[in-house]
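Undergrad: Shown below is the structure under consideration.
The values are calculated or read from the model by the stated rules, or taken from the named source; none is laboratory data. This structure is a prediction, so every number in the text was calculated from the model and none was measured. All Cβ positions, even for glycine, are placed from backbone atoms using ideal geometry, and neighbour counts span all protein chains on display. Areas reflect the complete protein model, heavy atoms only, side chains present, ligands, DNA and RNA absent. Shrake-Rupley method; radii C 1.70, N 1.55, O 1.52, S 1.80 Å.
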Amino acid sequence: MIDISKIDYSTILRRYDAEAENMDSPEAVAAKMLPSDPVLSEVASAVLYMKFKEIGPVVKKALESKEPLDIINNGLVAGMEIVSHLYAAHVYYLPEIMMAAKVMEVGISIAEKQIPGGRTTKGTVVMHAAEGDPHDIGKNIAAVMMRSSGFTVVDLGKDVAVDDVVDAVKENKPFLVTGTALMTTTMTAFPSGAKKLQEAGINIPYMAAGGAVNRDFAESFDLGIYSEKAPQTPPIADKILAGYDWKKIREEWDSIVGGE
Ligand code: B12
């Protein structure tokens with residue numbers, strides 16, 4: 001007689017639906033990702049659930065007890081990160097991403113106004129999204145980080161032709177240029193822009209960032225340096241102002257951004 005007690009059914013039949021029933025829903029996982037601080041959680045929830053009417057009052061209320069940058073990084077951007085998570089899990093689709101990003105931007109514009117810093121500037125940075133690339137949400141966040149850290153940002157926008165980037169660098173004389181690419185088809189604009197800058201005798205670091213880019217790519221061409229997350233940019237910029245060139249930034253990148 002067959003001893004069925006020794007049969008391992010998992011190797012014979014796997015019920016994915018039953019497995020899924022026992023897992024948390026993506027929404028529940030997302031809810032767990034909300035910040036533990038109740039004020040920041042309320043801000044992040046407004047982004048997560050695309051609350052256009054609530055975001056203004058919620059951010060203004062948060063400003064009574066929190067620093068603007070805390071609200072931006074740990075409330076608004078945190079909410080957007082959950083949205084990206086839900087998108088990856090096929091719970092949210094593009095319309096939700098776009099609406100949530102708009103809500104986040106409204107919140108950022110309110111919080112940004114309360115950032116102290118006055119009119120003094122540490123230096124100018126030219127920022128853009130690569131030629132052919134319409135994705136500018138991450139760049140806009142990075143621009144807020146840079147402005148709030150005391151830098152002047154010349155934001156060229158999205159889908160910026162390589163030659164326009166080079167012209168803007170010649171005109172504004174920044175100490176750093178950043179490019180964002182979320183598409184593998186557009187990231188090649190950066191080595192080509194960096195080469196044109198070098199040909200013009202300009203040797204400022206060219207930061208390559210955005211989801212399509214990794215550190216290996218960013219460091220594969222002369223002038224290229226990497227930044228993975230928007231908040232990593234100000235500390236890197238501070239080092240450039242302190243005299244680091246693109247080679248030294250690469251050498252000390254881990255310690256500058258506090259990475260492993
Ligand atoms: C929103 C979105 C759009 C929006 C963009 C709106 C906008 N104003 O940005 C719209 C609808 C326009 C769009 C269009 C398209 N999209 Co789209 N889109 C996305 C989506 C869903 C989210 C991107 C996003 O904003 N995330 C939130 C932000 C906060 O994250 P982030 O950009 O990664 O930024 C973080 C870091 O990368 C970094 N960072 C980013 N920029 C910078 C800059 C600096 C200086 C620094 C320091 C850091 C930094 O910091 C941020 C966090 O701190 C992604 C999917 C995904 N998972 O990324 C696809 C995605 C990028 N899109 C994609 C594609 C293919 C397209 C289309 C070609 C689709 C189509 N067939 O039409 C078109 C583009 C057509 C064209 N050429 O015009 C692909 C790209 C694939 C690839 N590898 O090439 C993706 C990955 C989707 C996918 N999985 O296929 N898209």
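Undergrad: In the stretch 130-163, what residues are under 17 Å from Pro174 (Cβ atoms) and of a type in the set (Asp, Glu)?
TA: Residues satisfying the conditions are Asp155, Asp163.
Undergrad: Can you tell me which residue within the stretch 68-104, out of those that are within 11 Å of the ligand (Cβ to nearest atom) and among the polar types (S, T, N, Q), is nearest to Ser36 (Cα to Cα)?
TA: Asn73
Undergrad: Quick one: in the stretch 210-232, of everything that is part of a loop (DSSP other than H, G, I, E, B), open to solvent by less than 50 Å² (accessible area, probe 1.4 Å) and near the ligand (Cβ under 7 Å from one of its atoms), which residue is nearest to Asp136 (Cα to Cα)?
TA: Gly210
Undergrad: Mind listing whichever residues of the stretch 105-139 are more than 8 Å from the ligand (Cβ to nearest atom) and not in a loop (DSSP other than H, G, I, E, B)?
TA: Scanning the stretch 105-139 gives Glu105, Val106, Gly107, Ile108, Ser109, Ile110, Ala111, Glu112, Thr124, Val125, Val126, His128.
Undergrad: What single numbered condition from (1) of a type outside the set (Val, Ile, Thr); (2) closer than 21 Å to His135 by Cα; (3) in contact with a Pro (Cβ under 8 Å, 6 or more places away or on another chain) fails to hold for Pro231?
TA: (3)
Undergrad: Of everything in the stretch 79-93, what is among the small types (Gly, Ala, Ser) and either crowded, with 22+ Cβ neighbours inside 10 Å or part of a loop (DSSP other than H, G, I, E, B) (or both)? Give them in sequence order.
TA: If the condition is that a residue be among the small types (Gly, Ala, Ser) and either crowded, with 22+ Cβ neighbours inside 10 Å or part of a loop (DSSP other than H, G, I, E, B) (or both), then Gly79, Ala89 are the ones that fit.
Undergrad: For the stretch 152-179, name all the residues that are open to solvent by less than 10 Å² (accessible area, probe 1.4 Å) and within 12 Å of the ligand (Cβ to nearest atom).
TA: Leu176, Val177, Thr178, Gly179
Undergrad: Taking only pairs six or more apart or across chains, which ones have beta-carbon atoms under 8 Å, a first residue in the stretch 49-65 that is outside any helix (DSSP H, G or I), and a second residue that is open to solvent by less than 90 Å² (accessible area, probe 1.4 Å)?
TA: Matching pairs, first to second residue: Met50/Glu96; Met50/Met99; Met50/Ala100; Met50/Val103; Lys51/Ser45; Lys51/Val58; Lys51/Val103; Ser65/Val39.
Undergrad: Sort through Ala62, Ala30, Ala89 and tell me the only one that's touching a helix residue (DSSP H, G or I) at 6+ places or on another chain (Cβ under 6 Å), hydrophobic (A, V, I, L, M, F, W, C) and modelled with pLDDT of 90 or more.
TA: Going through Ala62, Ala30, Ala89 in turn, the sole match is Ala62.
Undergrad: Could you check the stretch 140-151 and list, in sequence order, the residues that are more than 11 Å from the ligand (Cβ to nearest atom) and free of Cβ contacts under 8 Å to residues at least 60 places away in the same chain?
TA: Arg147, Gly150
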